[in-house]
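Participant: Handing you this structure, nothing more for now.
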Number of protein chains: 2
Amino acid sequence: MPIPTVVANPFLAACRGEPVPYTPVWFMRQAGRALPEYRSLRGTGSILDAIRRPDLAAEITLQPVRRYGVDAAILFSDIVVPVAAVGFGVEIRAGVGPVVDRPFETSADLQRLRPLEPALDTPWITETVRILVKELRVPLIGFAGGPFTLASYLVEGRPSRDHLKTKSLMYTDTPLWLALVDRLADLAVASLRDQIEAGAQAVQIFDSWAGALSPADYQRYVLPAATRIFEGIADLEVPRIHFGVGTGQLLSLMTSAGAEVIGVDWRVPLDHARQLAPKARALQGNLDPAVCLAPWEVVSAQAQAVLRSRPTTVGHIFNLGHGVLPTTDPGTLTRLVELIHAETSTR
Amino acid sequence: MPIPTVVANPFLAACRGEPVPYTPVWFMRQAGRALPEYRSLRGTGSILDAIRRPDLAAEITLQPVRRYGVDAAILFSDIVVPVAAVGFGVEIRAGVGPVVDRPFETSADLQRLRPLEPALDTPWITETVRILVKELRVPLIGFAGGPFTLASYLVEGRPSRDHLKTKSLMYTDTPLWLALVDRLADLAVASLRDQIEAGAQAVQIFDSWAGALSPADYQRYVLPAATRIFEGIADLEVPRIHFGVGTGQLLSLMTSAGAEVIGVDWRVPLDHARQLAPKARALQGNLDPAVCLAPWEVVSAQAQAVLRSRPTTVGHIFNLGHGVLPTTDPGTLTRLVELIHAETSTR
């Protein structure tokens, strides 16, 4: 009788830069509006209400794992959950995004960002993670928002194209800005520790809009708080992924915050990303989600171009360069997972 | 009596990578809403109507030259002027941007993009340029829209965050896409030739949103049409500037279209841009326009950081990394021009 081989999970192995039997795949926003089963389950209620129901949030997290056969699940939640949970007053408006009642303006607003006590403030997150860890055969990724992106929502009061109020605060009252992003980092650490202790096996920090900054500004105004997040969970020893859109100029700095894995959008080819972030153990990305709206021949060709752009086959997690678009045909994503597995299988 | 030295104009010399007495400065969107004299002159009428009045358009072009002491003027016009002039049906809605009656969808829409005859379709542009060349003591920059940006406006029907319809056309009906961008290139060439022949001494191609593309997609879907524009005016021998936002990954390709000068936004430090685009004779940029809303100490420090980031003092035109923001204090821009001139003067 052959002795069964203990095979490390491909997603976790890839995060650590170890050999894998095939390239693991997951998709940012894989749980969401592209799935008919999501739309029928969610209905028209508030997304924050859905996140507060462990049974519902767990089911939504599981849907794309069943449908697509991805190699990791990501908790169905939102980056504004911790700030909402401490009472900052933020909602997610359909078709708009996070909307804040009273935007962050002065030092008095810091008091609206008290420390997060997960057991009291977000017990439903802990419960959802516990349910999922029992159900899942693939790792669960927990997550939190990055300092610049969360600060931008709080300062602008809504999604912004150019982040002018945010940059204005940053340049004009730098001590207040640094205090704000430190608070946001502490909220992220508390939430991430809770998710990991409940069973999440990896985490991703979404600093989606940090790419609006020059390297010098990122280094001065954001990197200290980002580093605070990564250091605050280092002892828990799970792979930490750092992601933003249009961050070619920041890949090295974002890795230096403490990330094992750096997320790359479609703008930077993976071989170039590897040069820009030599210290990352792994790269995650980077098919343009808009490609997934095209005919299969285009999707297939572009996905294979992503695979060819890798300098090595180890240390790569296939993903899109940003979230799944709501108009994506789920069948395309199923075929995409099959394609990546088949093209990269070493068995 | 000393023999007067013939000094090349600093802006044109910098474009050619030649020595300059000081670093020349101009600002994208220097003519516009930041200036009270612009707001009082323009009132609330349509911007396309204002562009059609040579006396008014010339005066608006001159306002920032008088106020700021910049080293170049840029024609007051808009990148949609040629497509509007051949009857495509586009307006510029205040606070929104270009809005199209019937977006570009099928090959039948190509017929709505007939060739531009400047003498018949845009005689007011020619006339404005002629007035300006008589009035100005600094060079006049003419301009046109780049293929991806103009195509995006025509296909989406309005400004777009993710250019999904545009990319969908590009991937799904590539021959139609390539025909569209070729038509747009021909319109740009006709308009640019007219502006240059009337007296414009340099031109800029604004492909502002091309940064939404990966290098491979830019090379396949946009570069041929961009090259068509640059080649179509090569014989007129004026410096050609190529600009887009968030184009760090495209600087080499955008230079290869035929540009002498490559525009760089604030995301890529100039020394890095120089490595990315070694064949450009000059770099143009790259202060974040959001910085100009901050107190003067911040503006001054960041502007000096831009100067320090240059690998050499030749081949640099100081500019913002994108257009002047409407809420900018004009006094800040005046001081900024003085600062750059004083810091870089070799006399």
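The values are calculated or read from the model by the stated rules, or taken from the named source; none is laboratory data. Here the structure is a predicted model, which means the values were calculated and not measured. Cβ sites come from the backbone with ideal geometry, for glycine too, and all protein chains shown count toward neighbours.
Participant: Taking A:GLU237 and the conditions (1) under 24 Å from A:ALA13 (Cα atoms); (2) touching a residue at least 24 places away in the same chain (Cβ under 8 Å), which numbered condition does it fall short on, given that it satisfies the others?
Facilitator: Condition (2) is where A:GLU237 drops out.
Participant: Which members of the stretch B:274-296 meet the condition of being within 17 Å of B:ARG16 (Cα to Cα) and of a type outside the set (S, T, N, Q)?
Facilitator: B:ARG274, B:ALA277, B:PRO278, B:LYS279, B:ALA280, B:ARG281, B:ALA282, B:LEU283, B:GLY285
Participant: Looking at B:VAL268, B:VAL245, B:VAL238, which is the one that is surrounded by fewer than 24 Cβ atoms within 10 Å (Cβ to Cβ), more than 14 Å from the chain's Cα centre (by Cα) and in a loop (DSSP other than H, G, I, E, B)?
Facilitator: Only one candidate passes the filter, namely B:VAL238.
Participant: In addition: Select from the stretch A:164-198 the residues that are among the charged types (D, E, K, R) and either more than 14 Å from every other protein chain (Cβ to nearest Cβ) or assigned to a helix (DSSP H, G or I) (or both) and list them in ascending order.
Facilitator: If the condition is that a residue be among the charged types (D, E, K, R) and either more than 14 Å from every other protein chain (Cβ to nearest Cβ) or assigned to a helix (DSSP H, G or I) (or both), then A:LYS165, A:LYS167, A:ASP182, A:ARG183, A:ASP186, A:ARG193, A:ASP194, A:GLU197 are the ones that fit.
Participant: In the stretch B:271-311, how many are in contact with a His (Cβ under 9 Å, 6 or more places away or on another chain) and farther than 21 Å from B:VAL70 by Cα?
Facilitator: 2
Participant: Condition check: away from chain B (no Cβ under 14 Å) and without any contact (Cβ under 8 Å) to a residue 40 or more places away in the chain. Does A:LEU223 satisfy that?
Facilitator: So A:LEU223 passes the test.
Participant: Restricting the first residue to the stretch A:12-24 and requiring it to be over 21 Å from A:LEU336 (Cα atoms), which pairs with a second residue that is outside any loop (DSSP other than H, G, I, E, B) meet a Cβ separation below 6 Å and a spacing of at least six or different chains?
Facilitator: Listed pairs, sorted by first residue: A:GLY17/A:ALA282.
Participant: If you scan the stretch B:226-274, which residues turn out to be at positive phi and within 14 Å of chain A (Cβ to nearest Cβ)?
Facilitator: The answer is B:GLY246, and nothing else.
Participant: Given (1) over 24 Å from B:THR174 (Cα atoms); (2) of a type outside the set (A, V, I, L, M, F, W, C); (3) in contact with a Leu (Cβ under 6 Å, 6 or more places away or on another chain), where does A:SER309 come up short, assuming only one miss?
Facilitator: The one condition A:SER309 does not meet is (1).
A quick yes/no check of all residues on (1) assigned to a loop (DSSP other than H, G, I, E, B); (2) more than 14 Å from chain A (Cβ to nearest Cβ):
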residue	(1), (2)
B:THR44	yes, yes
B:PHE88	yes, yes
B:GLN111	no, yes
B:TRP124	no, yes
B:VAL129	no, yes
B:LYS134	no, yes
B:ARG137	yes, yes
B:PHE148	no, no
B:ASP162	yes, no
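Participant: Is it the case that the stretch A:36-58 has a residue that's within 16 Å of the chain's Cα centre (by Cα), surrounded by fewer than 22 Cβ atoms within 10 Å (Cβ to Cβ) and modelled with pLDDT under 95?
Facilitator: No, the stretch A:36-58 has no match at all.
Participant: Mind listing whichever residues of the stretch A:123-163 are among the hydroxyl-bearing types (Ser, Thr, Tyr) and over 29 Å from A:VAL25 (Cα atoms)?
Facilitator: Scanning the stretch A:123-163 gives A:SER152, A:TYR153, A:SER160.
Participant: Across the stretch A:271-301, what is the total count of residues that are outside any strand (DSSP E or B), under 17 Å from B:LEU164 (Cα atoms) and in contact with a strand residue (DSSP E or B) (Cβ under 6 Å, 6 or more places away or on another chain)?
Facilitator: 1
Conditions (1) of a type in the set (Asp, Glu); (2) within 14 Å of chain A (Cβ to nearest Cβ), marked per residue:
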| residue | (1), (2) |
| --- | --- |
| B:ALA277 | no, no |
| B:ALA280 | no, no |
| B:VAL291 | no, yes |
| B:TRP296 | no, yes |
| B:ARG308 | no, yes |
| B:HIS316 | no, no |
| B:ASN319 | no, no |
| B:GLY323 | no, yes |
| B:ASP329 | yes, yes |
